[in-house]
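As structure tokens, the structure follows; a few thoughts come after it.
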Amino acid sequence: MADPIDPHTTSRIADCTLVKLARHHHENGNLTVLENCTQMPVEFVRVFYIYDVPAGADRGGHSHYRCHQLLVAISGSFDVTLDDGHQTRTVTLNRPFQALHITPGIWRTMQNFSSGSVCLVLASEHFDESDYVRQYEDFLQLTANKRP
Ligand code: TYD
């Protein structure tokens, strides 16, 4: 079988989309369900969350070969900077009913975490360190010859 195309050669920040999640509104509070995410082209097999981020700290700083991720600020707010090696865009997540879909081959950093914020992440792959690109210089090399 031919090697799959490395998504770093095709990834575009424009493919990272904000998805509005449905809310079950109730006078005693709202509820959002993530189940069979039909708006997503992938299924999610792993959930993790980032919390207790000290003031001024950054997270992320990597890209993935295969893993899609869906990020939700389930409490507080933070910024996500997306980078395809040629363009960058920063998205503020501050609503528990708003999710950011990050496709493979996109470098992401998260910063400006508000006090008490929690970043929920759904991932399409199980944890695998070999799926990460952690050196920005490597990322720039992988994305240098971006295909049209
Ligand atoms: P990392 O993905 O680098 O975190 P972030 O992007 O938020 O800065 O992961 C931090 C550490 O946690 C790293 O040592 C790997 C470990 N880890 C797991 O063991 N399993 C997981 O599912 C994840 C996401 C991280």
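The values are calculated or read from the model by the stated rules, or taken from the named source; none is laboratory data. Keep in mind that what you see is a predicted model, and the values were worked out from it rather than measured. Positions of Cβ are generated from backbone atoms using ideal geometry, with glycine treated the same way; all protein chains shown enter the neighbour counts. Just so you know, the surface numbers come from the protein's heavy atoms only, side chains and all, with ligands and any DNA or RNA stripped out. Shrake-Rupley method; radii C 1.70, N 1.55, O 1.52, S 1.80 Å.
Highest mean first, how do 73-84, 42-53, 118-129 rank when packing is the count of other Cβ atoms within 10 Å averaged over residues? Spell out each step's value before the answer.
Numbers: 73-84: 19.4, 42-53: 13.7, 118-129: 15.9.
Averaged packing, sorted descending, gives the order 73-84, 118-129, 42-53.
Using +1 at the C-beta of Lys and Arg and -1 at the C-beta of Asp and Glu, which of M40, Q98, I50 has the Cα lying farthest in the positive direction of the dipole of the chain?
Q98
Students often get this wrong: which residues of the stretch 44-75 have the backbone nitrogen under 17 Å from the point 7 angstrom along Cα-to-C-beta of N94?
56, 72-75
Return a whole-number percent for the relative contact order of the stretch 1-79, with Cα pairs under 8 Å and 6 or more residues apart as the contact set. Write down the numbers at each step before the final one.
Numbers: 21 pairs, mean separation 19.5, N = 79.
Once divided by the residue count of the stretch 1-79, the mean separation gives 25 percent.
Please say if the stretch 1-90 is rounded, prolate or oblate, where rounded means a/c under 1.5 for a ≥ b ≥ c the square roots of the C-alpha gyration tensor eigenvalues, and otherwise the choice is prolate for a/b larger than b/c and oblate otherwise? Please report the intermediate quantities before stating the final value.
On the way: a/c = 2.13, a/b = 1.39, b/c = 1.53.
Since a/c reaches 1.5 but b/c is at least a/b, the shape of the stretch 1-90 is classed as oblate.
State to the nearest 20 debye the size of the charge dipole of the stretch 84-148 about its Cα centre, where the only charges are +1 on K and R beta carbons and -1 on D and E beta carbons.
Values: 6 positive and 7 negative charges, 81 e Å.
Dipole size: approximately 400 debye.
Is any residue of the stretch 134-148 close enough, with backbone N under 13 Å, to a label point placed 7 angstrom from the Cα of D15 along the Cα-Cβ axis, and if so, which?
Counting backbone N atoms under 13 Å from the label point, the list is 143, 146-148.
Determine the calculated [θ] at 222 nm for the chain from helices alone, applying -39500 (n - 2.57) to every DSSP H run no shorter than 4 residues and normalising by the residue count; nearest 500 deg cm²/dmol. Let's see the in-between values first.
Working: 1 runs with 8 residues, N = 148.
It lands at -1500 deg cm²/dmol.
At a probe size of 1.4 Å, how large is the accessible area of T10, to the nearest 10 Å²?
60 Å²
Charges at C-beta only: +1 for Lys and Arg, -1 for Asp and Glu. How large is the resulting dipole of the chain about its Cα centre, in Debye rounded to 20? Spell out each step's value before the answer.
On the way: 12 positive and 17 negative charges, 94 e Å.
For this selection, approximately 460 debye.
Using 1/(1 + (r/R0)^6) with R0 = 41 angstrom and r between the beta carbons of S130 and H25, what's the FRET efficiency to the nearest 0.05?
E between S130 and H25, to the nearest 0.05, is 0.45.
Could you compute how much accessible surface S115 exposes when probed at 1.4 Å, giving the result in Å² to the nearest 10?
S115 has an accessible surface of roughly 120 Å² with all protein chains in place.
How much length, in nm to one decimal, is gained on full extension between Y49 and H62, taken as 0.36 nm per residue of separation minus their Cα-Cα distance? Don't jump to the answer; show the numbers that get you there.
Working: separation 13, 0.36 × 13 = 4.68 nm, distance 1.65 nm.
So the chain would gain 3.0 nm between Y49 and H62.
For the stretch 79-148, what does the alpha-carbon gyration tensor say about shape, rounded, prolate or oblate, given a ≥ b ≥ c as the root eigenvalues, a/c under 1.5 as rounded, and a/b over b/c as prolate? Don't skip to the answer; put the middle values down first.
Details: a/c = 2.02, a/b = 1.56, b/c = 1.29.
Prolate, since a/c reaches 1.5 and a/b exceeds b/c.
Can you give the relative contact order of the chain as a percent, counting alpha carbon pairs under 8 Å and 6+ residues apart? Before the final figure, lay out the partial values.
Working: 335 pairs, mean separation 52.7, N = 148.
Here the relative contact order equals 36 percent.
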